[in-house]
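Below is one structure, written out as structure tokens; the observations come after it.
The values are calculated or read from the model by the stated rules, or taken from the named source; none is laboratory data. Nothing here was measured: the structure is a model prediction, and the numbers come from that model. In this analysis, Cβ positions are derived from the backbone assuming ideal geometry, glycine residues included, and neighbour counts consider all displayed protein chains. Protein only, heavy atoms only, side chains kept; ligands, DNA and RNA dropped before computing areas. Shrake-Rupley method; radii C 1.70, N 1.55, O 1.52, S 1.80 Å.
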Amino acid sequence: MTRWGMVIDLHRCIGCYSCVLACRQEHFVPRGVYFNRVLIAEEGKCPTVQKHILPILCNHCKEAACVKVCPTGATFQREDGIVMVDDKKCVGCGYCAVACPYQQRTRFEDPKLEYFPGQGFTPYELLGKELFPYKPGTVLKCNFCMERVDDGIKNGLVPGKDREATPACVITCPANARTFGDLDDPNGEVSRLIFEKKAQPLHAEFGTEPSVFYNKV
Amino acid sequence: MAEMNPKVIKEDKWYDTCCGICYASCPIRVRTINGIPVKIEGQPRASTSKGAVCGKSVGSLSVVHDPNRLNTPVKRTNPVKGIGIDPKWQAISWEEALTTIADKIRTIYKEDGRQFKINVMPSQGSYNHPPIWALVAALGCTNESAGAGGMLCGNAAHFVAGLTHGSWSHTADTDRCNYLIHFGASKGHAAGHGSNQMMRSMADARARGMKQIVFDPMCNFVGGKATRWVPIIPGTDVAVILAMLNIILNELQTWDDVFIKTKTNAPYLIGPDRHYIRDAKTQKPFVWDAVEKKAKTWDDPSIKEFAIMGTYDVNGVKGTPAFQLLREHVKTYTPEYASKLSSVPVDVIRTVSKEFVTEARIGSTINIDGKTYPFRPAAAITFSGLNNHRNAWNSVAAMHMLNMVIGAMDVPGGCMGFPTRCFGYEETGRPEFKVSADPIEGMLLAGWWWGETTRGKMVRHKMWPIDMPTTPEVSLGLKKIWSWVNDSPFYFSSDRDEMHEKLGPDYKEAKAWMNWGNNMIMSGGNLTNMEDTLKRIPFFFTFDLYLTEITEFCDIVLPDASYLESVCADQNLQTGFNGPVGMKDWAFFFRQPVCEPVGERRPMPDVLLDIAWRVGPDFYAKFVQSFNGFWGLEGKAVLDTTKKYTYAEVSDNVLKNFFGQEKGLEWFKENGGVTWPKKAEEAFWRYDIPARVPVYWEFVLTMGEKAKEICEPRGVHMQWEQFSPLPSYFPIKAHEVTDPQYDLYTLIYRDTLHTGSSTQMHPEIDAVSDTNPYSYYININEDTGKKKGIKNGQIIWVETDRGRRIKGPVSLIKGLHPAMVAVAGINGHWSKYLKIGRGKGVYFNDLLEIDKDHVDPVSLSADSCVKVKIYPAKEEK
Amino acid sequence: MRQTQPFDYMVKYTQQKNWIDGRGNFIAFAFFLGGISGGLFMAAAYFDSLLGMFIAWLLALCMGVSYMIHLGQPLQSWRMFMKPGTSWISRGFIFIMLFIGLTAVTLILARWAPDATAAITTFKVLAGIFAFAQSIYTGFAVSYVSAIKLWNSAILPILFVVCGFSGGLAIMMAIAIGNNSTDINAIENITRITLIGFAVILIVYLWNSTYSSNAAKAAVTRVVGGDIAPFFWIGVIIFGVIIPITVSVVTYFIGEASNALLLTAVSAEIIGGLSLRYVVLKGGTYEPLTSTE
């Protein structure tokens, strides 16, 4: 069985925000909503300061809290592990957004926010509204670029290996910090990286069994 | 979540092109749906970026349909010029605009073509510099600079890289390097140098185990990834470097003997006058053959053994090998002395020195493509950290000498040019960069292929031979005296009038300026200075995407096409910061438009061709001939100087010239680019060429002597002692401030999200800028802030000892030297037409003095470090 | 917690933003209404007050409206009963629907078929069960969120239901005063015990939360000494605990209390109940995702 997952190499990552922006661009994500974020933190004291850069996105958890708490079944997990939201069923109660320990879900509140406030929507934004007609009041989040993954598989491509079938945040990274692949394939790239680099999911104690792993060395 | 609705897609195209946001010009692919650009991705066929692209590029997609873009030519109706003074723009037709401009240029051309000034932007990957240089060439003018940003850019770094690596700049062979010291260089992290190429390469290197030792006042982009971050006081790195050389040469007594003796001027004999002892007939410097015990010219094939120590008698003159002098010179730089100046602990200086030579593996070799090369997997690199200070040249030169002593120059693992040597595309042998040796002194002759132009040598970045200072001066930038300088501050320094009175040409002002994309009012020095300069320009026209701050001083503004709306053939042919380094395959991708220019926008090169045509046939002929010379166009590719061209047609000729008659514009539009394998001899050419690099900068001494000879009698005094043959520490002005209330040093640095002053217009980039504690804030060390009672988010003033001050919100961070104030540049826009960028971030450059005493006397690099005090700003309604 | 900068998101303790502030306040309001409606019904059922049960029913309807206002897509709300297996909101939806329905039947029977006592009692008991369920489920819904340590406490559902019960008793008291009922003393007695119980549970809840994690400790610090402190001390403690308990003690000793005094206590408890939900929701703080101090 396929279970899509990702490994993010924090040693490589330089915090350039390309993933954040490429993701927004790929999905014409409305203003104020982020599927990918980069967190910056510091630890220590000058000169032994550690700068932490943490790119975060939906972890597509195996035991997803959001799937459990959704009252309508709008949030569900596909067989390949991708957690997605069916906006036809989403009632916008926000329980999933609250329950997600990684805070990776956003209720889409204001469809009127413009890239250039007060100056109208650009052709890109208008096209985006048609191409991805997000419903205000429903919850939005990363979907592991399932359009790319599904189309890719249909055309005989391998997600994680072939660019067109791989999530936008993975292919855009200048530091090649992200790897996408099948966690259930013990010989696959992500499984190998998790083993070699001792990659760990973020805050495993939340108990949700994330599909996104991080390594620091 | 909404599923994608593919029925909306009527047309779906991908274009292979190049980014134009910074000078790295990374190859990209752009998708358009129904004619609208919707996605920017990396180019997977590029050996440099390997399919990736950074956030600046992705976030710049909105530039095409940005409602704040200028879409028609405008002229001012308010004759009063000044900061914040509304020019009261009136939209005019292209016809009116170009007629006005052509008339002005024709008048100047007929009177004295030198009375013109060009500002280009040093970045903006468009790299459409050739049409601009064609304009100055046609005018017979040499007043050209990268606005004001240039002298805060790489004057010293380019000069030294040209002499030591035969290239515009340097980086490291990070595919093989194991130990990399950064002296204020964020290549591969935030810098545009190689941008995505370096980001990928350095990340791969880190994953492989490369150590990064980062000397930087701030632990941010590169410090944050360091194996060891070493906070340091700005302008003192040279003392640390010289102390390292002392430890390496005098304590550890380790160096790459073969490299020193055969690839540097270390064996050259120096006389008591500090100059080479030369053969009277050939003028070639002498060396001492330690076996035959006699002086011979440096290239004498009979030399058995180069002496690098001792003293020798050469026809009655006492001669000392340069290496001996170097070792004695650096002895005065003890680690304790360097530590006191720089705040770097003594043990760190010792440890890093030891690690550097150990990791260099002097004597080891590596096999690449069947050839054996010295393997030196250690390097030191720099840029702004050493370059943006009053001791720039001494600092940069000293740093390169670290690489020299371990022989890590253009060999596997070491410091590399960007790149230096190219045998050309397999099918055509072009472009060809032939690096060679000067027959007289053995110095490196850069082989960048840019041909001869009437503009002169600067275009070709041929640092050697140096054009020594001469009079009479012909340039407003005083570049007959400082000929090796890329960007002169004297176009707009506060002492500009005085310098011109005493040293200048026979004309005092340019009658017209042309600007392309540069926003020098923001990127130069303090606003009083810059405003005074720009207000005086009789006629000033610019090409820009927006009505930026500099347009407040313009008479006509022409709406330029962005990089997504225009063609540029040579973007990556000029490999200044984007050539594939080391063994990465050659990859040439060109820039094509992904959509038609919106509104009445027209690409600058086409407009200049139009203007040149209007000025007159004679002028136009020189303009076009400049293209022929610049690119070295041959055969069918030669442009007809009587034919009216579009830039697309020129690009077609250029591409065919380099890649073959079948590979013109249409071929490239279809195929995007060509790639061909790199040969090891192209990457690691050092031992193929008899050229030498200077550990003793004898010609710099001459440069200083000649400059002093011209300047002193005319009442211009500068710190001539900085023209030192052995790099030394000279304090910067900030080090000399003794008033204790000014207790902090400033740092302006480049943010990973921004380049120049243009990225703040892009809403996506602006939005994420707010999500980190650096981009839009004044950073102070947490403990320093606590001691001064400054809180996060508080608005403070930062004031220099000269009373100049800037204001902004504070973000307290741990990763900053306690004696520092750091600001990311270049933010703080004030133009009312920049609705996204206006008021975002902190404007820094108003703190800076620009005059002869605040620039490096050798390279004319400006100093971005001033001594300041900080205090809370009261609430202002 | 210092003033939050945009870059503090998930780096410093980050307050949840979905179920509070702006439109999110309707969730706090709905939680409060659910608690008080359930509590009132249980009190009214015990004291056999038709009016009380009716007001409880109305409050339940108001709660429904408040939820609808909060929902992003209220027209899809009919789907909310789909996942009772795992979702507390789904269960709560079912509880509320059943409570409203069973209460309506109870009221109709009581009003128009008062002799059908067995049926009335049955429906009343069933409605009472779902009143309790409706009152306590919000506590479970909130404490299910394991990432918000202030909420992830076994005490929270009990706190919510006790608070709801005390609020319900307060309204019951107002009804009794209005009717000049003889049950006032009995209501006062139960109220005293409930109030004291509420105060104890609240203190134990907050104190114990400081042991559970740094995020919970930070949240409690905000509640008692940070930006939420005014709502906590004035709303929850003064109005929700001190005023009612003081009145309770006074009436215990003086025997006969004026209506004004009692109504003051009633209003205070209502304000206290609303404040409690607001404070708990606003105090909801996530563990930072990355290292912090």
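If you go through the stretch B:298-338 and keep only what is free of Cβ contacts under 8 Å to residues at least 24 places away in the same chain and outside any loop (DSSP other than H, G, I, E, B), you end up with B:ASP313, B:GLN324, B:GLU328, B:GLU336.
A single entry from A:GLN50, A:GLN77 fulfils the requirement of being among the polar types (S, T, N, Q) and within 11 Å of chain C (Cβ to nearest Cβ): A:GLN50. Out of B:ILE732, B:ILE765, B:ILE780, one residue alone is over 30 Å from A:VAL29 (Cα atoms), in contact with a Lys or Arg (Cβ under 7 Å, 6 or more places away or on another chain), β-branched (Val, Ile, Thr) and open to solvent by less than 10 Å² (accessible area, probe 1.4 Å). It is B:ILE732. Any residue in the stretch B:159-182 that is assigned to a loop (DSSP other than H, G, I, E, B), within 11 Å of chain A (Cβ to nearest Cβ) and touching a Phe, Trp or Tyr at 6+ places or on another chain (Cβ under 6 Å)? Scanning the stretch B:159-182, I find no residue that is assigned to a loop (DSSP other than H, G, I, E, B), within 11 Å of chain A (Cβ to nearest Cβ) and touching a Phe, Trp or Tyr at 6+ places or on another chain (Cβ under 6 Å), so the answer is no. One residue alone among B:GLU764, B:GLU705 is in contact with a Gly (Cβ under 9 Å, 6 or more places away or on another chain), charged (D, E, K, R) and either modelled with pLDDT of 95 or more or over 18 Å from B:VAL396 (Cα atoms) (or both), and that residue is B:GLU764.
The single condition among (1) over 29 Å from C:ASN152 (Cβ atoms); (2) of a type outside the set (Asp, Glu); (3) crowded, with 16+ Cβ neighbours inside 10 Å that C:TYR252 does not satisfy is (3).
Any residue at all in the stretch B:650-659 that is hydroxyl-bearing (Ser, Thr, Tyr) and surrounded by fewer than 18 Cβ atoms within 10 Å (Cβ to Cβ)?
no
Test B:VAL581 against the criterion of being over 18 Å from B:ILE21 (Cα atoms), assigned to a loop (DSSP other than H, G, I, E, B) and either open to solvent by 10 Å² or more (accessible area, probe 1.4 Å) or of a type in the set (A, V, I, L, M, F, W, C) (or both), and give yes or no. Judged against the criteria, B:VAL581 is a match. Quick check: is even one residue across the stretch B:688-703 open to solvent by 20 Å² or more (accessible area, probe 1.4 Å), away from every other protein chain (no Cβ under 14 Å) and part of a helix (DSSP H, G or I)? Checked against the condition, which is being open to solvent by 20 Å² or more (accessible area, probe 1.4 Å), away from every other protein chain (no Cβ under 14 Å) and part of a helix (DSSP H, G or I), the stretch B:688-703 yields at least one hit.
In the set (1) open to solvent by 40 Å² or more (accessible area, probe 1.4 Å); (2) hydroxyl-bearing (Ser, Thr, Tyr); (3) closer than 18 Å to B:ALA408 by Cβ, B:THR264 fails one condition alone, (1).
Yes or no, residue by residue, for (1) β-branched (Val, Ile, Thr); (2) within 8 Å of chain C (Cβ to nearest Cβ); (3) more than 17 Å from the chain's Cα centre (by Cα):
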position: A:GLY81; (1), (2), (3): no, no, no
position: A:PRO117; (1), (2), (3): no, no, yes
position: A:LEU126; (1), (2), (3): no, no, yes
position: A:MET146; (1), (2), (3): no, no, no
position: A:VAL149; (1), (2), (3): yes, no, no
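Could you check the stretch B:21-38 and list, in sequence order, the residues that are open to solvent by 10 Å² or more (accessible area, probe 1.4 Å), within 7 Å of another protein chain (Cβ to nearest Cβ) and assigned to a strand (DSSP E or B)? B:ILE36 - this is the single residue of the stretch B:21-38 that is open to solvent by 10 Å² or more (accessible area, probe 1.4 Å), within 7 Å of another protein chain (Cβ to nearest Cβ) and assigned to a strand (DSSP E or B). Scanning the stretch C:237-249 for residues that are within 18 Å of C:ILE184 (Cβ to Cβ), at pLDDT 85 or above and open to solvent by 60 Å² or more (accessible area, probe 1.4 Å) turns up just one, C:THR246. Every listed requirement among (1) more than 12 Å from chain B (Cβ to nearest Cβ); (2) within 22 Å of C:LYS12 (Cα to Cα); (3) open to solvent by 30 Å² or more (accessible area, probe 1.4 Å) is met by A:LEU57 save one, (3).
Only one entry in C:ASP8, C:ASP48 is of a type in the set (D, E, K, R) and open to solvent by 50 Å² or more (accessible area, probe 1.4 Å), namely C:ASP48.
The conditions are (1) under 40 Å from the mean Cα position of the chain (by Cα); (2) in a loop (DSSP other than H, G, I, E, B), and B:VAL287 fails exactly one of them. Which is it? So the condition that B:VAL287 fails would be (2). The condition of being of a type outside the set (Ser, Thr, Tyr) and modelled with pLDDT of 95 or more does not hold for C:LEU71. How many residues does the stretch B:820-877 hold that are touching a His at 6+ places or on another chain (Cβ under 9 Å), within 14 Å of another protein chain (Cβ to nearest Cβ) and not charged (D, E, K, R)? Of the residues in that region, 5 qualify.
Given the criterion open to solvent by 10 Å² or more (accessible area, probe 1.4 Å), charged (D, E, K, R) and touching a Pro at 6+ places or on another chain (Cβ under 9 Å), identify the matching residue among B:ASP618, B:ASP610, B:ASP560, B:ASP640.
On the way: B:ASP618 fails: touching a Pro at 6+ places or on another chain (Cβ under 9 Å); B:ASP610 fails: touching a Pro at 6+ places or on another chain (Cβ under 9 Å); B:ASP640 fails: touching a Pro at 6+ places or on another chain (Cβ under 9 Å).
Of B:ASP618, B:ASP610, B:ASP560, B:ASP640, the one residue that is open to solvent by 10 Å² or more (accessible area, probe 1.4 Å), charged (D, E, K, R) and touching a Pro at 6+ places or on another chain (Cβ under 9 Å) is B:ASP560.
For B:ASP12, state whether it is among the charged types (D, E, K, R), farther than 22 Å from B:ASN572 by Cβ and open to solvent by less than 10 Å² (accessible area, probe 1.4 Å). So B:ASP12 fails the test. Note on the stretch A:91-104: residues that are facing another protein chain (nearest Cβ under 7 Å) and open to solvent by 10 Å² or more (accessible area, probe 1.4 Å) amount to 2. Restricting attention to the stretch A:129-144 and to residues that are outside any loop (DSSP other than H, G, I, E, B) and within 14 Å of chain C (Cβ to nearest Cβ), the residue that is surrounded by the fewest Cβ atoms within 10 Å (Cβ to Cβ) turns out to be A:LEU140. Just to verify a result, which residue in the stretch A:1-54, among those that are closer than 26 Å to A:THR106 by Cα and small (Gly, Ala, Ser), is most open to solvent (accessible area, probe 1.4 Å)? Taking the candidates together, the pick is A:GLY32. Report the residue count in the stretch B:48-97 for those that are open to solvent by 60 Å² or more (accessible area, probe 1.4 Å), in contact (Cβ under 8 Å) with a residue 12 or more places away in the chain and assigned to a helix (DSSP H, G or I). The number of residues fulfilling the criteria is 1. Of the residues making up the stretch B:737-746, one or more are over 21 Å from B:GLY149 (Cα atoms), open to solvent by less than 40 Å² (accessible area, probe 1.4 Å) and not in a strand (DSSP E or B).
Keeping to the stretch C:123-146, report how many residues are within 12 Å of another protein chain (Cβ to nearest Cβ), among the hydrophobic types (A, V, I, L, M, F, W, C), surrounded by fewer than 23 Cβ atoms within 10 Å (Cβ to Cβ) and over 14 Å from the mean Cα position of the chain (by Cα). Adding up the residues that qualify gives 0.
B:ARG45 meets the stated requirement of being within 30 Å of B:LEU573 (Cα to Cα), within 14 Å of chain A (Cβ to nearest Cβ) and open to solvent by 10 Å² or more (accessible area, probe 1.4 Å). Only one of the numbered conditions (1) touching a helix residue (DSSP H, G or I) at 6+ places or on another chain (Cβ under 8 Å); (2) without any contact (Cβ under 8 Å) to a residue 60 or more places away in the chain; (3) not acidic (Asp, Glu) is not met by B:VAL230, and that is (2).
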